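Input: a single structure, listed below in structure tokens.
Just so it is clear, none of the values below were taken in a lab; they were calculated from the coordinates. On a predicted model such as this, the values are computed, not experimentally measured, just so you know. Note: ideal-geometry Cβ built from the backbone for every residue, glycine included; neighbour counts use all protein chains shown.
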Amino acid sequence: MSLDGKRRIIIFSGAGLSAESGLQTYRDHDGLWEKHRIEDVATADAFAAHPHRVHRFMSDRRQELARVAPNAAHHGMATLQQLYSVVNITQNIDDLLERAGCTEIIHLHGFLPEIRCLACDHVWDIGHTNYDGHPCPRCAGQRTKPNIVLFGDPAPLYQVLHHLFFPAYKEDALTQKDIVVVIGTMGNVVPISHYLWEQKCTKILNNLEDSPFVPASMFDYVFLKPATAAISEIIDVISGL
């Protein structure tokens, strides 16, 4: 394989990518939403009513994140980035892609290690530590929020998907040389299939099972297996195109 400045690769990932590292997913059996009420810990209304409860829930998620490491799929994606022009778009709020060496990562739903000041909009990284309520380092404001898109919050980075897949100028559109890889998402939160239906690019799917929201029939290559088992095959497919 060699560096190819003309081919673009977009990798769109979801919770299935990080589940193999040991992170609890939200929607699966025995996932976080079976142990916590979404309405209590992950909505804009919950934060408005009980911000400390939401901060505590996210601090627990950071502690969990500190105990896990990137898996083979994360590292494989970092390898692809060394060889091609890759943009990682993820629904995940963890930092496992970064820790594997990936760059150019767009976190559609925010980034767990970060805190945002509601007074001046400054964002700072606290890593995997518990948030103890310390004020904003820029303005000393006391009103802060995990830099996460809660249910009911706007998700401004969804515009990135629209600009990538439905660009304003025809010359920016994806071509047959380009590749979109969808990994570890059932498509019931972000309707990625909506963005892919009419694209002329090569489409690769990796999920544990078929989903009506991301039907395997619309993809050129399908790997229904764990991401860690599929990543080497995905790299082989890309290198052969």
Percent antiparallel among DSSP beta bridges (both partners in the chain, rounded to 5): 25
Phi-based couplings in Hz for region 171-177 (Karplus 6.51, -1.76, 1.60; Gly and Pro marked x): 5, 8, 5, 5, 10, 5, 6
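I'd like the GluC sites (Glu not before Pro) in region 87-147 restricted to DSSP loop residues with at most 15 other Cβ atoms within 10 Å, sorted by number.
Numbers: sites: Glu98, Glu104, Glu114; in loops: Glu104.
Loop-located and lightly packed - Glu104.
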Sketch the reach of a paramagnetic label on Ala48 as a point 7 Å from Cα along Cα-to-Cβ, and name the residues of region 132-154 whose backbone nitrogen lies under 15 Å away. 150-154
The chain: most fluctuating residue of His107, His163, His128 per GNM, C-alpha cutoff 10 Å: His163
Using +1 at the Cβ of each Lys and Arg and -1 at the Cβ of each Asp and Glu in region 200-241, identify which of Thr228, Asn207, Met218 lies farthest towards the dipole's positive end. Met218
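Roughly what % antiparallel, to the nearest 5, for the DSSP beta bridges in region 141-241? Walk me through the numbers before you get to the answer.
Numbers: 1 of 10 bridges.
The antiparallel proportion sits near 10 percent.
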Lone Cys, the chain, Cβ cut-off 4.7 Å -> Cys102, Cys201
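Using a ≥ b ≥ c from the Cα gyration tensor of region 56-112 (square roots of the eigenvalues), is it rounded, prolate or oblate, where a/c under 1.5 gives rounded and otherwise the larger of a/b and b/c decides, a/b for prolate?
Values: a/c = 3.57, a/b = 1.72, b/c = 2.08.
Since a/c reaches 1.5 but b/c is at least a/b, the shape of region 56-112 is classed as oblate.
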Under the rule rounded for a/c under 1.5, else prolate if a/b exceeds b/c, else oblate, using alpha carbon gyration tensor axes a ≥ b ≥ c, the chain is classed as prolate
Calculate for the chain the 222 nm mean residue ellipticity that helices alone would give, adding -39,500 (n - 2.57) per DSSP H run of length 4 or more and normalising by residue count, nearest 500 deg cm²/dmol. -8500 deg cm²/dmol
